[in-house]
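What follows is one structure encoded as structure tokens, with my remarks underneath.
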2 protein chains.
Amino acid sequence: AEGEVLDLNDPYANDPERHPALIVYIQKPFNAETPVALLGDRFLTSNELFFVRNHLPVPKVDPKNYKLEVSLEGKDPIYFTLEELQTKFPIYEVTATIQCAGNRRREMNQSKEVKGIAWQGGAISNATWTGPKLRDVLLYAGIPESEVDKTIHHIQFEGLDADMEKSYGASIPAQKVLNPSSEVILAFKMNGETLPLDHGYPIRAVVPGTVGARSVKWLHKVIASAQESPSFWQHKDYKGFGPYTDWHNIDYTQVPAIQELPVQSLITSPPPSAKRVVLDADGLLPIHGYAWSGGGRGIVRVDVSLDDGKTWEPATIHPNQQTYGKVWAWTQWEHRFKVPEGVKEVDLVVKAVDSSYNTQPESWGPVWNVRGVLANAWYKIHLKVDEE
Amino acid sequence: AEGEVLDLNDPYANDPERHPALIVYIQKPFNAETPVALLGDRFLTSNELFFVRNHLPVPKVDPKNYKLEVSLEGKDPIYFTLEELQTKFPIYEVTATIQCAGNRRREMNQSKEVKGIAWQGGAISNATWTGPKLRDVLLYAGIPESEVDKTIHHIQFEGLDADMEKSYGASIPAQKVLNPSSEVILAFKMNGETLPLDHGYPIRAVVPGTVGARSVKWLHKVIASAQESPSFWQHKDYKGFGPYTDWHNIDYTQVPAIQELPVQSLITSPPPSAKRVVLDADGLLPIHGYAWSGGGRGIVRVDVSLDDGKTWEPATIHPNQQTYGKVWAWTQWEHRFKVPEGVKEVDLVVKAVDSSYNTQPESWGPVWNVRGVLANAWYKIHLKVDEE
Ligand SMILES: [Mo]
Ligand SMILES: [Mo]
């Protein structure tokens with residue numbers, strides 16, 4: 001804006017303006033979730049409302065000077081300009097839900113204290129991403145496909161987001177990228193628009209079915225390696241411990257880095273803040289929400305309850321048109337309960353079943369973990385019923 | 001045996017002799033599980049002790065006349081002799097656990113009645129299978145790979161096991177077979193020996209990571225199709241309903257056929273029949289067992305409890321050497337509990353976590369289903385502790 005004076009000493013000076021509806025937990029680095037009430041009624045989340053999980057300042061990138069460095073570890077890299085990435089390879093559109101490892105941490109924390117941002121159920125969003133397949137780029141760069149699972153085990157990513165000590169990094173299993181049906185892409189568009197600053201302009205990795213932390217934004221290096229990314233976020237964060245691990249006995253080498261996420265679901269309407277619900281014109285109690293699972297697994301059933309899980313009913317799921325094994329996007333669902341006569345309060349519960357018939361855990365204790373990740377116990381909300 | 005007279009009117013006359021240790025539920029067709037106590041202490045189950053789930057009589061096959069018919073639905077088939085299948089293609093060894101959809105049905109049935117064989121925890125076994133990749137055979141037969149997920153959606157199998165009305169059949173998603181890293185094989189050996197009569201001699205499909213019902217034995221037809229197998233077992237059985245579905249409101253078209261199975265685990269020692277346990281020389285309570293998940297997902301953690309799940313400890317898992325995403329075999333685990341002083345009875349529990357961080361359900365009610373399949377709630381056993 002005219003007359004605006006940027007603080008040149010503020011590493012966050014390049015951070016963009018954000019939509020005022022986002023629920024902000026940290027300003028610097030920016031961490032904000034989508035209000036749950038805005039998630040459940042549209043299949044694609046708008047760019048402005050898509051949750052933002054930044055680990056570092058938003059970097060300033062001149063698209064004319066941008067280069068993506070691609071290498072087999074220890075060998076000379078080759079470089080791609082933004083224009084090359086946009087024009088040299090077949091371009092794909094992939095609709096994929098991205099979820100933060102810490103989504104729903106607030107509920108886990110309520111059962112017993114954990115460390116991290118107290119995300120409600122809105123650290124998850126769904127968009128259509130456009131770009132070349134990373135597989136095509138790596139093969140063009142001469143990465144030998146025949147070495148996957150032999151000398152090449154991981155594809156490392158490095159972002160341009162950095163502070164004095166480190167830049168953001170993460171890695172994923174090599175076969176997730178290099179198998180011929182891989183849908184890992186280098187996105188330069190999000191919902192048909194130029195990738196927004198907060199979502200990795202000009203290029204981000206989109207790793208569908210995998211924890212958000214691996215879809216590295218402001219991507220500038222890709223390394224095919226025998227090893228995982230050396231980053232803090234690969235080795236010391238985003239790991240799923242047992243309920244017996246605490247900050248005194250934690251051993252990060254004992255558990256692998258999180259990749260695929262488990263089955264998840266939420267009631268988005270009524271939203272988590274609701275205390276009362278009004279029956280609809282037919283005297284029924286309407287609810288809707290999202291369900292999703294990692295690894296390309298679709299949702300085969302969503303079960304809902306109004307008596308805290310004692311009895312269940314099947315929700316209606318909106319067909320997800322994606323192909324078996326590549327169901328990267330969430331599934332929206334809805335239901336209308338007949339509230340038994342005389343019942344003035346309800347304990348609504350939702351649990352989803354994915355295409356491998358995995359289900360969500362019933363309670364928090366057995367999946368509680370010190371880092372507060374992988375929070376996917378049954379979602380519950382207690383409501384007073386107004387017959388209106 | 002000399003002088004033996006076969007009843008030529010008995011369709012089961014070709015059924016082989018079986019190992020006396022197998023726990024037999026039905027003789028004709030033969031259905032028997034491996035005693036759980038024999039499962040947990042060896043990685044490979046021996047051919048004689050591998051559980052047997054037959055739907056029909058064991059067919060008599062002359063290997064000289066055996067032919068596998070392969071077709072694109074509606075087109076002329078081509079045929080392969082047994083020798084061609086054994087010599088024309090690269091041969092692979094795949095170590096894969098096969099589990100019946102109804103494993104552990106007995107426990108689900110104890111929570112509320114279901115229909116089917118009351119399998120304990122032994123309708124699961126692990127073997128090394130040898131044969132060509134079905135992908136190679138289909139491509140050789142001219143099945144167009146480019147039509148997968150376009151006009152070809154399913155690969156149908158038909159077995160030689162039949163009665164007057166029907167033969168056994170099942171199907172799997174086409175990409176499970178035709179993706180280039182597929183490990184679906186046509187096995188002619190099991191643990192290095194000729195495939196036994198009960199396990200599909202001379203050829204069976206082995207579909208790793210998928211419910212046992214799709215690894216069709218005595219295979220004689222493979223059809224690439226737009227449709228699933230028309231068989232009873234694809235459409236009316238082996239489906240995962242919600243707890244609200246009973247025999248009065250069941251609608252088989254409402255849920256998909258089971259393919260990948262969810263995460264599973266069991267304590268194999270002490271076995272399910274144990275009532276007491278003796279502490280070891282160190283005064284500790286030793287347990288061991290198996291854990292497994294479908295879809296090639298490995299086991300990242302096994303949590304065990306001696307107080308009915310109030311507190312947990314991590315079991316030691318024996319490293320499974322299979323590649324990420326292709327962990328077809330189970331993982332064996334062990335633990336030794338320090339029993340708190342004065343405690344004379346324990347409620348042992350095990351639950352496993354797979355590489356997508358899915359976990360087993362806590363109780364039977366929410367996963368109960370009328371067909372008694374997908375029984376993977378926490379395994380529990382109550383024991384008296386003998387200190388000597
Ligand atoms: Mo995250
Ligand atoms: Mo089965």
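Look at A:A21 and say whether it is more than 30 Å from A:K150 (Cβ to Cβ), surrounded by fewer than 19 Cβ atoms within 10 Å (Cβ to Cβ) and among the small types (G, A, S). I'd like the intermediate steps shown before the answer.
On the way: more than 30 Å from A:K150 (Cβ to Cβ): yes; surrounded by fewer than 19 Cβ atoms within 10 Å (Cβ to Cβ): yes; among the small types (G, A, S): yes.
When the stated conditions are applied, A:A21 passes them.
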(message) Can you tell me how many residues within the stretch B:173-205 are touching a His at 6+ places or on another chain (Cβ under 7 Å) and assigned to a strand (DSSP E or B)?
(response) 2
(message) Go through (1) surrounded by 19 or more Cβ atoms within 10 Å (Cβ to Cβ); (2) more than 10 Å from chain B (Cβ to nearest Cβ) for A:H318 and report which single condition fails.
(response) (1)
(message) Given the criterion aromatic (F, W, Y) and at pLDDT below 95, identify the matching residue among B:Y290, B:Y324.
(response) B:Y324
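Matching residues to (1) surrounded by fewer than 23 Cβ atoms within 10 Å (Cβ to Cβ); (2) closer than 25 Å to B:N320 by Cα:
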{"residue": "B:V114", "(1), (2)": "yes, no"}
{"residue": "B:G121", "(1), (2)": "no, yes"}
{"residue": "B:S125", "(1), (2)": "no, yes"}
{"residue": "B:T128", "(1), (2)": "yes, yes"}
{"residue": "B:D136", "(1), (2)": "yes, no"}
{"residue": "B:E147", "(1), (2)": "yes, no"}
{"residue": "B:H153", "(1), (2)": "yes, no"}
{"residue": "B:A162", "(1), (2)": "yes, no"}
(message) If I ask for residues that are more than 10 Å from chain A (Cβ to nearest Cβ), part of a loop (DSSP other than H, G, I, E, B) and either of a type in the set (D, E, K, R) or touching a strand residue (DSSP E or B) at 6+ places or on another chain (Cβ under 6 Å) (or both), which ones from the stretch B:256-273 would you list?
(response) B:P270
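Identify the residue in the stretch B:329-344 that is within 14 Å of chain A (Cβ to nearest Cβ), open to solvent by less than 50 Å² (accessible area, probe 1.4 Å) and not hydroxyl-bearing (S, T, Y) and, among all such residues, is farthest from B:V263 (Cα to Cα).
In the first step, residues of the stretch B:329-344 are kept if they are within 14 Å of chain A (Cβ to nearest Cβ); the result is B:331, B:333, B:335, B:337-338.
Narrowing further to those that are open to solvent by less than 50 Å² (accessible area, probe 1.4 Å): B:331, B:333, B:335, B:337.
Okay, now just the ones that are also not hydroxyl-bearing (S, T, Y), so B:333, B:335, B:337.
Working: B:W333: 15, B:H335: 19, B:F337: 24 Å.
It comes out as B:F337.
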(request) Please go through the stretch A:360-379 and pick out each residue that is open to solvent by 10 Å² or more (accessible area, probe 1.4 Å) and touching a Lys or Arg at 6+ places or on another chain (Cβ under 6 Å). (result) A:W368, A:W378
(message) Of all residues being open to solvent by 50 Å² or more (accessible area, probe 1.4 Å) and within 16 Å of ligand 1 (Cβ to nearest atom) in the stretch A:92-112, which is nearest to A:F43 (Cα to Cα)? Just the residue, please.
(response) A:R106
(request) Please work out which one of (1) free of Cβ contacts under 8 Å to residues at least 40 places away in the same chain; (2) touching a Phe, Trp or Tyr at 6+ places or on another chain (Cβ under 8 Å) is the condition A:N65 fails and give its number. (result) (2)
(message) If B:P286 satisfies all but one of (1) crowded, with 23+ Cβ neighbours inside 10 Å; (2) in contact with a strand residue (DSSP E or B) (Cβ under 6 Å, 6 or more places away or on another chain), what's the number of the condition it fails?
(response) (1)
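One line per residue, one yes/no per condition, for (1) away from ligand 2 (no atom under 15 Å from the Cβ); (2) farther than 23 Å from B:L261 by Cα; (3) more than 14 Å from chain A (Cβ to nearest Cβ):
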site	(1), (2), (3)
B:E165	yes, yes, yes
B:Y168	no, no, yes
B:P173	yes, no, no
B:E183	yes, no, no
B:K189	yes, yes, yes
B:P196	yes, yes, yes
B:G200	no, no, yes
B:A205	no, no, yes
B:S215	no, no, yes
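Given the criterion within 15 Å of B:Y244 (Cβ to Cβ), hydroxyl-bearing (S, T, Y) and under 20 Å from the mean Cα position of the chain (by Cα), identify the matching residue among A:T331, A:T359, A:T316, A:T311.
Working: A:T331 fails: within 15 Å of B:Y244 (Cβ to Cβ); A:T316 fails: under 20 Å from the mean Cα position of the chain (by Cα); A:T311 fails: under 20 Å from the mean Cα position of the chain (by Cα).
Step by step, each of A:T331, A:T359, A:T316, A:T311 is checked, and only A:T359 is within 15 Å of B:Y244 (Cβ to Cβ), hydroxyl-bearing (S, T, Y) and under 20 Å from the mean Cα position of the chain (by Cα).
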(message) Quick check on my filter: what residues within the stretch B:285-300 are at the interface with chain A (Cβ under 8 Å from one of its Cβ atoms) and either touching a helix residue (DSSP H, G or I) at 6+ places or on another chain (Cβ under 9 Å) or among the acidic types (D, E) (or both)?
(response) none
(request) Kindly indicate which of B:F80, B:F51, B:F89, B:F43 is closer than 17 Å to B:P196 by Cβ, more than 16 Å from ligand 1 (Cβ to nearest atom) and modelled with pLDDT of 95 or more. (result) B:F51
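Would you call A:G325 in contact (Cβ under 8 Å) with a residue 12 or more places away in the chain and surrounded by 22 or more Cβ atoms within 10 Å (Cβ to Cβ)?
Numbers: in contact (Cβ under 8 Å) with a residue 12 or more places away in the chain: yes; surrounded by 22 or more Cβ atoms within 10 Å (Cβ to Cβ): no.
No; evaluated as a whole, the condition is false for this residue.
Can you go through B:Y12, B:Y25 and tell me which one is within 30 Å of B:S273 (Cβ to Cβ) and part of a strand (DSSP E or B)? Even if it seems obvious, please write down each step before you answer.
On the way: B:Y12 fails: part of a strand (DSSP E or B).
From the options B:Y12, B:Y25, the qualifying one is B:Y25.
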(message) Looking only at the stretch B:183-236, count every residue that is more than 25 Å from B:G74 (Cα to Cα) and hydroxyl-bearing (S, T, Y) and tell me the total.
(response) 3
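Return the only residue of B:G242, B:G294 being within 16 Å of ligand 2 (Cβ to nearest atom), in a loop (DSSP other than H, G, I, E, B) and open to solvent by less than 50 Å² (accessible area, probe 1.4 Å).
On the way: B:G242 fails: within 16 Å of ligand 2 (Cβ to nearest atom).
Of B:G242, B:G294, the one residue that is within 16 Å of ligand 2 (Cβ to nearest atom), in a loop (DSSP other than H, G, I, E, B) and open to solvent by less than 50 Å² (accessible area, probe 1.4 Å) is B:G294.
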(message) Here's a check for you: in the stretch B:217-238, which residue that is within 18 Å of A:S356 (Cβ to Cβ) and within 14 Å of chain A (Cβ to nearest Cβ) is surrounded by the most Cβ atoms within 10 Å (Cβ to Cβ)?
(response) B:Y238
(request) For the stretch B:239-255, name all the residues that are within 11 Å of chain A (Cβ to nearest Cβ) and in contact (Cβ under 8 Å) with a residue 24 or more places away in the chain. (result) B:K239, B:G240, B:F241, B:G242, B:P243, B:T245
(request) Look at A:F157 and say whether it is more than 16 Å from ligand 1 (Cβ to nearest atom) and open to solvent by less than 30 Å² (accessible area, probe 1.4 Å). (result) no
(message) For the stretch B:33-85: of the residues being among the polar types (S, T, N, Q) and within 24 Å of the chain's Cα centre (by Cα), which is nearest to B:I381 (Cα to Cα)?
(response) B:T34
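If I filter the stretch A:345-354 for residues that are in contact (Cβ under 8 Å) with a residue 24 or more places away in the chain and surrounded by fewer than 17 Cβ atoms within 10 Å (Cβ to Cβ), do I get at least one hit? I'd like the intermediate steps shown before the answer.
Keep residues of the stretch A:345-354 that are in contact (Cβ under 8 Å) with a residue 24 or more places away in the chain, which gives A:345-354.
Now restrict to residues that are surrounded by fewer than 17 Cβ atoms within 10 Å (Cβ to Cβ): A:345, A:347.
Checking the stretch A:345-354: at least one residue is in contact (Cβ under 8 Å) with a residue 24 or more places away in the chain and surrounded by fewer than 17 Cβ atoms within 10 Å (Cβ to Cβ).
The values are calculated or read from the model by the stated rules, or taken from the named source; none is laboratory data. Computed from a predicted model, the values in this text were never measured in an experiment. A quick note on method: Cβ atoms are made from the backbone with ideal geometry, for glycine too, and the neighbour counts reach across all protein chains shown. Side chains included, ligands, DNA and RNA excluded: accessible areas come from the protein's heavy atoms. Shrake-Rupley method; radii C 1.70, N 1.55, O 1.52, S 1.80 Å.
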